[in-house]
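Student: Below is the structure I would like to discuss, written out as structure tokens.
Please treat every number below as a calculation from the coordinates, not as lab data. From a predicted model like this one, the values you see are computed outputs, not experimental measurements. Neighbour counts run over all protein chains shown; Cβ positions are idealised from the backbone, glycine included.
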């Protein structure tokens, strides 16, 4: 129980139905037992990862006043730069020792959904760095495609229509995030972690992590185990939204980041979330008379906003206001 499974998803890019079923069975087992697994055989090239890592190192090394020009607290739809200690994923610990950049599905300011004030809709806020926006937008689109391929296998594993998630992930509220974790010795106290223990809010998360290490996952015995970097893989985990969809058949597992000593850590999660109006309700094959639905239906946007308010101080103030 101390090693996450590694699943080769290359067969999902073929028409071999038996190979698809094999991948789906592996995903089903990993989601029920762990809620976490690695994937290899994905189409994101190492050259792209290297370009993103270089861009992250460049951006986060810039002066605070430059980064704060796109401060996320001035965004109505949660885009831009988040300074160190502006997130608190574990309420029992100090705010997290990390800084972030968030982007999502771009909608121009004159889009009808933006003009209507729909939540989590609007333009991205990129730094004024040559080539940055094109790199980020291209990667966002590729990660969206990868997440949809993976979700087709998840649908197969859950016994629902293969295109169930495709229909619900048009114009999604998926987020691509870059994270910089400064070395542990810069912490404000021994209690401050890179990212406090938490579960992810959404559907599935696909995480690139560099070679610094620090990610830990809680196993079924409540023990923290390392999820070390493995070259060429993404770490995939189930979020709370998928747990609700599956009636907790699929686990949304607590995890955390312990900032490494003496080195900076960079990670890049892609949080795959559906269209904001999507209803999150128990799937047909995930409940019966003995196992009734645990959660009432809720819209994707209502659920996400409720969770944001728990994590971000500026969102709590908006809710109070």
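Student: What is the packing order of peptides 167-175, 277-285, taking the mean over residues of other C-beta atoms within 10 Å and listing the highest first?
Tutor: Packing proxy ranking, top to bottom: 167-175, 277-285.
Student: Here's something else I'd like to know. Work out how much length residue 106 to residue 171 would gain on full extension: take 0.36 nm times their residue separation and subtract the Cα-Cα distance, in nm to one decimal.
Tutor: 22.5 nm
Student: How much length, in nm to one decimal, is gained on full extension between residue 115 and residue 291, taken as 0.36 nm per residue of separation minus their Cα-Cα distance?
Tutor: Stretched out fully, the residue 115 to residue 291 stretch lengthens by 59.1 nm.
Student: Would you calculate the separation in nanometres between label points at residue 29 and residue 163, each defined as 7 Å from the Cα along the Cα-to-beta-carbon direction?
Tutor: 3.1 nm
Student: Assuming a ≥ b ≥ c are the square roots of the Cα gyration tensor eigenvalues, decide whether region 174-247 counts as rounded (a/c under 1.5), prolate (otherwise, with a/b larger than b/c) or oblate.
Tutor: Here region 174-247 falls in the prolate category.
Student: Can you put 129, 298 in order, fewest other beta carbons within 10 Å first?
Tutor: Placing the least packed residue first, the sequence is 129, 298.
Student: Assuming R0 = 22 Å, can you tell me the calculated FRET efficiency for the pair residue 298 and residue 76, based on Cβ-Cβ distance, to the nearest 0.05?
Tutor: With a Förster radius of 22 Å, E is 0.55.
Student: Here is a further query. Describe numerically, in nm with one decimal, the distance between label points set 7 Å from Cα along Cα→Cβ at residue 221 and at residue 8.
Tutor: 3.1 nm
Student: Ok, one more. Which one, (i) -0.41; (ii) -0.34; (iii) -0.26, gives log10 I(q)/I(0) by the Debye sum over Cα atoms at q = 0.07 Å⁻¹ as derived from the coordinates shown?
Tutor: Answer by label: (iii).
Student: Taking R0 as 25 Å, what FRET efficiency do you get between residue 187 and residue 53 from their Cβ-Cβ distance, rounded to the nearest 0.05?
Tutor: FRET efficiency, residue 187 to residue 53: 0.60.
Student: What is the distance, in nm, between label points placed 7 Å from the Cα along the Cα-to-Cβ direction at residue 66 and at residue 279?
Tutor: Once both label points are built, they end up 4.9 nm from each other.
Student: Would you calculate a helix-derived [θ] at 222 nm for the chain, using -39,500 (n - 2.57) for each DSSP H run of n ≥ 4 and dividing by the full residue count, to the nearest 500?
Tutor: Computed mean residue ellipticity for the chain: -9000 deg cm²/dmol.
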